[in-house]
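Student: Could you have a look at this structure, given as C-alpha cells, before my questions?
The values are calculated or read from the model by the stated rules, or taken from the named source; none is laboratory data. What you see is a predicted model; the values in this text were computed from it and never measured. Cβ sites come from the backbone with ideal geometry, for glycine too, and all protein chains shown count toward neighbours. Areas reflect the complete protein model, heavy atoms only, side chains present, ligands, DNA and RNA absent. Shrake-Rupley method; radii C 1.70, N 1.55, O 1.52, S 1.80 Å.
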Amino acid sequence: MTGARLADIALPEFGMPEAMPEIPAHLYVDRLTRLRARAVERGYDHLIVYADREHSANLSYLTGFDPRFEEAVLIVGPAGDPAILVGNECYGMAGAAPLTMRRHLFQDLSLPGQPRDRSKPLPEILADEGIRRGSQVGMIGWKSYSDRELMEVPAFLVDVVRRITGPTGVVENANDLLIGAKDGLRVINEVEQLAALEYAACQTSNGVRQLLLGLEPGMTEQEAVRLLEWNGMPLSCHLMLTAGPRASLGLLSPGDRPIGRGDRFTVAFGIWGALNCRAGFVVAEDAELPDEISDYVERLVGPYFEAVAEWYGAMRIGQPGGVFQEIIDRHLGDPFFGIFLNPGHQIHLDEWVNSPIAPGSQIELRSGMAFQVDIIPATGTDYFTTNIEDGIALADESMRAVFSGRYPGAWARIQARRDFMANHLGLDLHPDVLPFSNIPAFLPPFLLNPDRAMTVAG
C-alpha cells in the first residue's frame, strides 16, 4: 500500500440482483428456538418483545412481521406458538406473518382516538399467557444498558408486568440476547440473511452511484434525491441529502434549495439491511475550492482514505474490535478530524445494531457478522467532511462455500468487487471479507468529476 492519491478510476458495473432473496419460514422457527434456549440459560420463563414503527427490527427478525402505524408486543413463553398483541390496523397483517403466532387484539396499541372497546385489559392478557407472580421476564426493545433494570420499553407495559410479577419476580432488560455485540442472535447472520443484506446493499449503493454520476449544479436537492431511485423497500432511516450550509448538519432531509457549484454536499440512503453515504464538494477539481481549503485532499481526504484502507486490511474473523479503534486513532486521532463515534458497527435490518469496535475491545469478530464501514470525520471547519459508508460481511470458508452455491449471482458480484478493490483501489482484503456495495470504497472527493477517486494502489 502506498500513500493515498487521486487517480482516474472508472467504476465498473457490478450488476444488480434479479430477485429479492427470501427468508424461509423455517428460519423464523429456528430463530425462536435459539432465543428460547438463551432465555432458559438466563433463567427467564417468558420474553416480551416490544416494537414500534422505528424500532421493529427485533420483532421482524423473529417473526417476519413489523407493525405499521402502531405498536406491537410479542410474548414468548417456554413452549408453543408465541403470542402477538396488535392494534386495530395490524391484526390482519400479523396473521399473515411467516411465523405462526396466536393473536390478541390489544387496542391500546392503536393510534389515538381509534376504538378501544373490543380488547381485554393488559393484565388479563398477560395472565392468559402465563405471566404471574414470581415470573422471570426478559424485556426486549432495542437498546441495552449496563444496568439491566434500565429499560427503554414503554412504562405502560413494564409497569404492568412488574406489578403482576411482584417482589419475587424478575423484570429486566434482555436486549443483549438479540443485539449483544459479541454473540447476539441478530449479529451472527445466517447465509440467507447475508444474501438479503447483499440485495439491500445493491439497491442503496446503486442509488448513490446513480446520484454521483448524475449530479449537476442547478438541480434542487429534491430533484437530486430522485436519482437514488428508491424502489419502495422499507427505509432504515429517512433519506438524507443536503447541499450548501445545511450539509454540515448531516442528518437533514432534502429541500427545494438549488445545488450550487462549490457547495458542500452529503447524501445517505438506507433501507432495511443496508446504508450508503458519500460526501464531498460540488466541484470538478481542487482549483475550484476556496484558497484556504485548496489542500482538501492532502489535509483530509488522503489521510482518511489511508485509515480506511488499513481498516479494511485488518478486517477478518477473530480480529479483536479494539484493533480497528487503534487504527483510526493512529491515523485520525488529531482533533482536526473530529472522529467521535465508533469507527464501524454491526448492521442488520436496522442501520446500527451494536458495535464491538471501541477502545480496548477484546470482542473477536465472528463469521456471519455484517458491518457498516462507518468512519465519519466531523471537522467543524471549512474542510467539511469526507465519507465512505458501505456494507460488508465476514464469512468463514464453509459459509463462503454455502453462499456461493446458493447465491451464485451475488457471489459473482462479491468477487468482482473484491477484484476492483484490490486492483484499482489497492485494498488488500482477507478472504473472509465480503463487500456488498456496488460503490465499494469508491471515494471521489470532487463530485463533478466522479471518475477521479482515491486509491492507495502502487
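Student: For Ala287, only one of the following conditions fails: (1) crowded, with 18+ Cβ neighbours inside 10 Å; (2) more than 20 Å from Phe436 (Cα to Cα); (3) without any contact (Cβ under 8 Å) to a residue 60 or more places away in the chain. What is its number?
Tutor: Single failed check for Ala287: (1).
Student: Ok, one more. Any chance segment 349-362 includes a residue that's more than 26 Å from Ile23 (Cβ to Cβ) and within 20 Å of the chain's Cα centre (by Cα)?
Tutor: yes
Student: Considering segment 50-70 alone, what residues qualify as being in contact (Cβ under 8 Å) with a residue 40 or more places away in the chain and of a type in the set (D, E, K, R)?
Tutor: Answer for segment 50-70, where residues must be in contact (Cβ under 8 Å) with a residue 40 or more places away in the chain and of a type in the set (D, E, K, R): Asp66, Glu70.
Student: Another question, then. Residues that are open to solvent by 10 Å² or more (accessible area, probe 1.4 Å): list the strands (runs of 3 or more DSSP E) wholly contained in segment 39-126 that include at least 1 such residues.
Tutor: So the answer is 46-51, 102-105.
Student: Every residue in segment 127-184 that is surrounded by fewer than 19 Cβ atoms within 10 Å (Cβ to Cβ) and in contact with a Pro (Cβ under 7 Å, 6 or more places away or on another chain), please.
Tutor: Result: Val160, Lys182.
Student: Taking the options Ile392, Ile357, name whichever one is out of contact with any Gly (no Cβ under 6 Å at 6 or more places or on another chain) and buried (at least 20 other Cβ atoms within 10 Å of the Cβ).
Tutor: Testing whether each residue is out of contact with any Gly (no Cβ under 6 Å at 6 or more places or on another chain) and buried (at least 20 other Cβ atoms within 10 Å of the Cβ) leaves just Ile392.
Student: List the number of the failed condition for Glu389; all other conditions in (1) farther than 28 Å from Ala247 by Cα; (2) acidic (Asp, Glu); (3) touching a Cys at 6+ places or on another chain (Cβ under 8 Å) hold.
Tutor: Answer for Glu389: the failing condition is (1).
Student: Taking segment 304-325 on its own, how many of its residues are open to solvent by 10 Å² or more (accessible area, probe 1.4 Å) and over 25 Å from Thr381 (Cβ atoms)?
Tutor: 9
Student: Tell me which of these Gly130 doesn't satisfy, since it passes every other one: (1) in a loop (DSSP other than H, G, I, E, B); (2) more than 25 Å from Val187 (Cβ to Cβ); (3) in contact with a Leu (Cβ under 7 Å, 6 or more places away or on another chain).
Tutor: Against the list (1) in a loop (DSSP other than H, G, I, E, B); (2) more than 25 Å from Val187 (Cβ to Cβ); (3) in contact with a Leu (Cβ under 7 Å, 6 or more places away or on another chain), Gly130 comes up short only on (3).
Student: Let me ask something additional. Quick check on my filter: what residues within segment 236-254 are surrounded by fewer than 15 Cβ atoms within 10 Å (Cβ to Cβ) and either more than 20 Å from Glu288 (Cα to Cα) or in contact with a His (Cβ under 7 Å, 6 or more places away or on another chain) (or both)?
Tutor: His238, Leu249, Leu251, Ser253
Student: Could you list, in sequence order, all residues of segment 411-427 that are open to solvent by 50 Å² or more (accessible area, probe 1.4 Å) and on the phi > 0 side of the Ramachandran plot?
Tutor: Across segment 411-427, there are no qualifying residues.
Student: Just for segment 111-143: of the residues that are within 30 Å of the chain's Cα centre (by Cα) and in contact (Cβ under 8 Å) with a residue 40 or more places away in the chain, which one is farthest from Asp81 (Cα to Cα)?
Tutor: Among those that are within 30 Å of the chain's Cα centre (by Cα) and in contact (Cβ under 8 Å) with a residue 40 or more places away in the chain, it is Leu111.
Student: Could you list all residues from segment 136-153 that are assigned to a loop (DSSP other than H, G, I, E, B) and out of contact with any His (no Cβ under 6 Å at 6 or more places or on another chain)?
Tutor: Gly141, Lys143, Ser144, Tyr145, Ser146, Asp147, Arg148, Glu149, Leu150, Met151, Glu152, Val153
Student: Can you tell me which residues in segment 251-271 are closer than 23 Å to Ala441 by Cβ and touching a residue at least 60 places away in the same chain (Cβ under 8 Å)?
Tutor: Arg264, Phe265, Thr266, Ala268, Phe269, Gly270, Ile271
Student: Has segment 301-308 got at least one residue that is touching a helix residue (DSSP H, G or I) at 6+ places or on another chain (Cβ under 9 Å), among the acidic types (Asp, Glu), under 25 Å from Thr2 (Cα atoms) and free of Cβ contacts under 8 Å to residues at least 24 places away in the same chain?
Tutor: no
Student: Looking at Val73, is it β-branched (Val, Ile, Thr) and free of Cβ contacts under 8 Å to residues at least 24 places away in the same chain?
Tutor: no
Student: In addition: Condition check: touching a Phe, Trp or Tyr at 6+ places or on another chain (Cβ under 9 Å), farther than 30 Å from Tyr145 by Cβ, assigned to a helix (DSSP H, G or I) and open to solvent by 30 Å² or more (accessible area, probe 1.4 Å). Does Arg299 satisfy that?
Tutor: Yes, satisfied.
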